[in-house]
Structure formats: structure tokens, C-alpha cells
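J.: The structure's right below; bear with me while I get my questions together.
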């Protein structure tokens with residue numbers, strides 16, 4: 001095994017403590033919000049003094065940013081790429097539906113943290129706004145890569161289809177997180193409504209293919 005700092009016991013302990021801090025902070029931000037959570041609250045949860053916590057995360061804003069990066073790691077390009085093999089045997093309609101439901105589920109699973117994230121964006125946090133944009137761009141690239149595997153969508157329209165699909169779904173997710181939307185969030189827990197996702201995908205596919213001069217029948 002290489003003899004470097006990352007293999008040393010003290011590094012492993014520090015990494016474990018940093019992860020525990022993120023766990024505690026995520027739970028507190030989700031329940032008490034950003035303004036209702038202090039670094040002292042987080043420190044108490046992990047049996048540290050506030051001063052000791054500063055050695056890991058020097059500000060509450062930086063701590064929130066790290067929590068968001070970790071909790072929404074699904075939208076990292078490498079993770080999304082690994083997920084695409086799950087739908088490679090499906091037709092285009094089914095692949096887009098299944099991938100969209102999975103992405104929405106990730107957003108709904110962390111709805112309270114996403115609510116905090118939106119609030120801080122409204123308050124002018126440029127770094128958190130940038131993180132939202134990175135999530136969306138990664139998601140768009142992911143959808144475009146899925147569509148690229150299917151010949152029925154003309155190459156010149158694939159980027160537009162991906163952009164529209166993510167814009168609709170992300171906007172719907174934000175709306176459903178901020179207010180009741182039973183048409184978007186299904187009856188069981190925070191599961192996305194399959195009917196809603198299928199209708200969005202079907203309408204976009206029909207619109208894109210019709211633009212190209214075809215008149216496709218609606219997918220079953």
C-alpha cells in the first residue's frame with residue numbers, strides 16, 4: 001500500500017470526523033434551516049468544541065456548501081455516467097422515464113436540504129447558485145447522452161430535447177418542494193409521480209419528432 005498521508009491513521013480519523021460533521025450538519029440544516037442552525041449546534045452533535053470545528057469547516061456557509069455537494073453527489077458526471085447502463089436495454093421513452101424518475105427521486109429524498117439551498121440562493125449566495133447550475137448542466141448532459149444512443153431523435157434536436165426535459169422537471173421539482181403538488185409527487189412518501197413524468201416525456205418526444213416532420217404515435 002502506498003505510504004502517503006491519506007493512508008495514515010490520523011488522516012482516516014480526520015476524514016471520519018469530517019463525515020460525521022457533515023452528517024450532523026445535514027440533519028440540522030434539514031430540520032432547523034440555515035439560520036436556525038449554528039456551528040455550536042453542529043459541534044455539540046459530534047462532541048467537539050466550536051473552536052475545534054473551525055479546523056474542519058471555517059464557516060457555516062462553507063459547511064452548507066459541502067453538505068450540498070455530498071448529498072447531491074448523484075448529479076456528478078461520473079455517477080450519472082455509471083447509472084446510464086441501467087437503461088441501455090430499454091426503448092427511448094422508457095429510458096427517459098426511468099432516468100427522470102430516478103433523478104427526481106434524488107431531489108425529493110433531500111427536499112428539506114434543497115429548500116434550504118433555494119433559500120440561500122434567494123439571499124444572494126453565488127456559490128450555491130453556481131452549484132445548482134452545475135447540477136442542472138450535469139443532468140442535461142446525462143439526458144443528452146441517453147438520447148444519443150437512439151437513432152429516432154435527429155442529432156440536431158437532441159441537445160434541445162435534453163435541455164427542455166431537465167428544465168421542466170427541475171422546475172416542477174422546485175415547485176413541488178415549495179408547495180403541495182400531488183400531481184408531481186406521488187401518494188407514497190416522496191416518490192415522483194410516474195404519470196406526470198410519462199406525460200412530460202411523451203409530449204416532448206412527440207413535439208420533437210413532429211418538428212422533424214414525423215407524426216409518431218404516442219408511446220404505450
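J.: Looking at 96, 90, 104, which one is touching a strand residue (DSSP E or B) at 6+ places or on another chain (Cβ under 9 Å) and not assigned by TED's automatic domain parsing to the domain that holds residue 57?
T.: On inspection, the qualifying residue turns out to be 104.
J.: Still on this model: Since residue 104 meets every condition but one in (1) under 28 Å from residue 200 (Cβ atoms); (2) surrounded by fewer than 19 Cβ atoms within 10 Å (Cβ to Cβ), which condition does it not meet?
T.: (2)
J.: Limited to segment 143-172, what total is found for residues that are buried (at least 22 other Cβ atoms within 10 Å of the Cβ) and under 14 Å from the mean Cα position of the chain (by Cα)?
T.: Residues meeting the conditions: 3.
J.: Conditions: (1) in the same structural domain as residue 177 (by TED's automatic domain parsing); (2) over 23 Å from residue 127 (Cβ atoms). Residue 10 meets all but one. Number of the miss?
T.: Failing condition for residue 10: (1).
J.: Which of the residues that make up segment 187-204 are under 21 Å from residue 115 (Cβ atoms) and buried (at least 17 other Cβ atoms within 10 Å of the Cβ)?
T.: Once the filter is applied, which keeps residues that are under 21 Å from residue 115 (Cβ atoms) and buried (at least 17 other Cβ atoms within 10 Å of the Cβ), segment 187-204 yields 192, 193, 196.
J.: Select from segment 132-158 the residues that are part of a helix (DSSP H, G or I), farther than 20 Å from residue 101 by Cβ and out of contact with any helix residue (DSSP H, G or I) (no Cβ under 6 Å at 6 or more places or on another chain) and list them in ascending order.
T.: Within segment 132-158, 132, 133, 134, 137, 155, 156 meet the criteria.
The values are calculated or read from the model by the stated rules, or taken from the named source; none is laboratory data. Because the structure is a prediction, the values reported are computed rather than measured. Here Cβ is always computed from backbone atoms with ideal geometry, including for glycine, and neighbour counts include all displayed protein chains.
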